[in-house]
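**Student:** Structure incoming, see below.
The values are calculated or read from the model by the stated rules, or taken from the named source; none is laboratory data. Because the structure is a prediction, the values reported are computed rather than measured. Quick note on the areas: whole protein, heavy atoms, side chains included, nothing else; ligands and nucleic acids left out. Shrake-Rupley method; radii C 1.70, N 1.55, O 1.52, S 1.80 Å.
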Amino acid sequence: MTEASHEIRNDGTNPMGGPSFEVLQLGRIGLANDAKRALDLGGGTGRNAIHLASRGIHTTLVERDSVLCKQAAVVADERR
């Protein structure tokens with residue numbers, strides 16, 4: 001995948017789409033069980049980590065690619 005394919009769109013949406021089905025399920029389970037923390041390894045542009053954080057779960061995203069990490073930070077800052 002090229003670097004350009006990961007760029008956050010002008011409207012602030014993530015080109016990778018929304019959170020994965022598995023993360024949606026984990027978010028529901030975690031909220032039901034009072035989960036407080038999540039770790040997203042290789043989280044790319046943050047589509048899963050940002051979703052979990054928006055549900056009140058303290059989420060740490062770890063990404064090796066600095067470009068993707070910066071893009072995730074931009075989206076996270078915009079969405080607070």
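Conditions (1) open to solvent by 70 Å² or more (accessible area, probe 1.4 Å); (2) outside any loop (DSSP other than H, G, I, E, B), marked per residue:
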| site | (1), (2) |
| --- | --- |
| Thr45 | no, no |
| Leu52 | no, yes |
| Thr59 | no, yes |
| Lys70 | yes, yes |
| Val74 | yes, yes |
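**Student:** Now for a separate question. From the residues in segment 18-43 that are at pLDDT 80 or above and basic (Lys, Arg), which one is most open to solvent (accessible area, probe 1.4 Å)?
**Tutor:** So, considering only residues that are at pLDDT 80 or above and basic (Lys, Arg), the one most open to solvent (accessible area, probe 1.4 Å) is Arg37.
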